[in-house]
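Sharing a structure with you now.
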Amino acid sequence: DLVPLGIRETEAPYALGPDAPILLGEPTSNRLVAAQKGLLSVTARAVGQAGHSAFPDRGVSAIHRLLDFLDAVRREPWPDDDQLGPTTFNIGRIAGGVANNVFAPAAEASLLFRLVRTAEETLGRLDALRTEGVTIETVSQNDPLRIAVPDGFETTIVPFNTDARWLGSLGTVWLCGPGAIEVAHSEHEHIDLPDLERGIETYAALARAALGV
């Protein structure tokens, strides 16, 4: 039904061809995203030598080695970007060890970076920070993305990452949707009803723009 888009059935037909924009829904408070940060997810693993913790010369703690690496990551002056802001990262998970009286033979941590530079550059810096016994495995990565947006819509820059990088190989991507990303992944995650209603209007306007109406 084209009526909600403001198009009467008596008007000339409109069709979306293969070059039509892809509308990717994300919680952007109904603003079109002009740029998004990249993403780099890695697992850092450390190896040690198990031994009785009363005898430091009989073992090596993988946890201590991992903590040395993580401390270096935290102290590193990661780059800023005039448009995207600072590089940020989160250590989301740490695991390792067998008992508190045994030097840990293995340990690992999961890190996720929000990038303003390429993933390749960030991986190079991580490799330079590696301490003894530590290896880094890349889990997922994609670079920051600048997105062309249609005229007449409010825009924003987002510090999170979406599938826009991958969908971009198929054509133009418009990234927009109701809801605030600031409350995502929290115990009070929600979308306000007025924001949802405004999202319907925004999507209709984007559809008209895609149709050239």
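Hey, can you tell me all the residues within the stretch 167-195 that are part of a loop (DSSP other than H, G, I, E, B), within 20 Å of the chain's Cα centre (by Cα) and within 24 Å of GLY152 (Cα to Cα)?
Matches in the stretch 167-195: THR172, CYS176, GLY177, PRO178, GLY179.
Looking only at strands (runs of 3 or more DSSP E) that lie completely in the stretch 83-160, which have at least 2 residues being out of contact with any Leu (no Cβ under 7 Å at 6 or more places or on another chain) and closer than 20 Å to LEU67 by Cβ?
88-96, 106-115, 134-142
Does ALA164 satisfy the criteria of being hydrophobic (A, V, I, L, M, F, W, C), open to solvent by less than 30 Å² (accessible area, probe 1.4 Å) and under 25 Å from GLY85 (Cβ atoms)?
yes
Quick one: ARG45 ticks every box in (1) part of a helix (DSSP H, G or I); (2) open to solvent by 50 Å² or more (accessible area, probe 1.4 Å) except a single one, so which number is it?
For ARG45, the failing item is (1).
Sticking with this structure for a sec: When the residues of the stretch 130-159 are narrowed to those that are surrounded by 18 or more Cβ atoms within 10 Å (Cβ to Cβ) and aliphatic (A, V, I, L, M), which ends up farthest from PRO77 (Cα to Cα)?
This residue is VAL149.
Then there is this: Within the stretch 115-129, can you find the residues that are open to solvent by 70 Å² or more (accessible area, probe 1.4 Å) and either of a type in the set (Lys, Arg) or touching a residue at least 40 places away in the same chain (Cβ under 8 Å) (or both)?
Correct list: ARG117 only.
Can you find a residue that is in a strand (DSSP E or B), among the polar types (S, T, N, Q) and either open to solvent by 50 Å² or more (accessible area, probe 1.4 Å) or at pLDDT 95 or above (or both) anywhere in the stretch 57-66?
no
For residues that are over 15 Å from ASN30 (Cβ atoms), touching a residue at least 60 places away in the same chain (Cβ under 8 Å) and in contact with a helix residue (DSSP H, G or I) (Cβ under 7 Å, 6 or more places away or on another chain), tally how many sit in the stretch 170-207.
1
Looking only at the stretch 84-114, which residues are loosely packed, with under 11 Cβ neighbours inside 10 Å and farther than 23 Å from SER140 by Cα?
ALA99, ASN100, ASN101
The values are calculated or read from the model by the stated rules, or taken from the named source; none is laboratory data. Owing to the predicted nature of the structure, the values given are computational and were not obtained by experimental measurement. All Cβ positions, glycine included, derive from the backbone under ideal geometry; neighbour counts span all protein chains shown. Just the protein is used for accessible areas: all its heavy atoms, side chains included, with ligands, DNA and RNA removed. Shrake-Rupley method; radii C 1.70, N 1.55, O 1.52, S 1.80 Å.
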